[in-house]
């Protein structure tokens, strides 16, 4: 029973220490943490400018006006590192995903 408890405690520790995409990531350039809620300016200050930036556009219907609701940024840190895809709504980071390997 003691070993089982020790094993479960070890699993919990690993789960706490493992970074979860969607909430944040460590910038490969300098190992500094970027988290959901950061502003665009703060992310650029930490990781530099992204490789690509795309506007996220929304509309209420096909004939309605379209408007910008946020941006999608892609960071490419080279061929041996997965791309990092950031979603901003307004000026705030809301989501972090992984893309394919960089170039």
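The values are calculated or read from the model by the stated rules, or taken from the named source; none is laboratory data. The model shown is predicted, which means the values in this text are computed figures rather than measured ones. Cβ sites come from the backbone with ideal geometry, for glycine too, and all protein chains shown count toward neighbours.
Tabulated values for the structure
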| item | result |
| --- | --- |
| All positions within region 39-61 that are under 16 Å from residue 83 (Cβ atoms) and either without any contact (Cβ under 8 Å) to a residue 40 or more places away in the chain or outside any helix (DSSP H, G or I) (or both) | 47, 48, 49, 50, 51, 52, 53, 54 |
| Test: residue in region 24-32 that is surrounded by 13 or more Cβ atoms within 10 Å (Cβ to Cβ), modelled with pLDDT under 90 and in contact with a helix residue (DSSP H, G or I) (Cβ under 9 Å, 6 or more places away or on another chain) | yes |
| Filtered residue count, region 81-96, keeping only those that are surrounded by fewer than 15 Cβ atoms within 10 Å (Cβ to Cβ) and within 18 Å of residue 48 (Cβ to Cβ) | 2 |
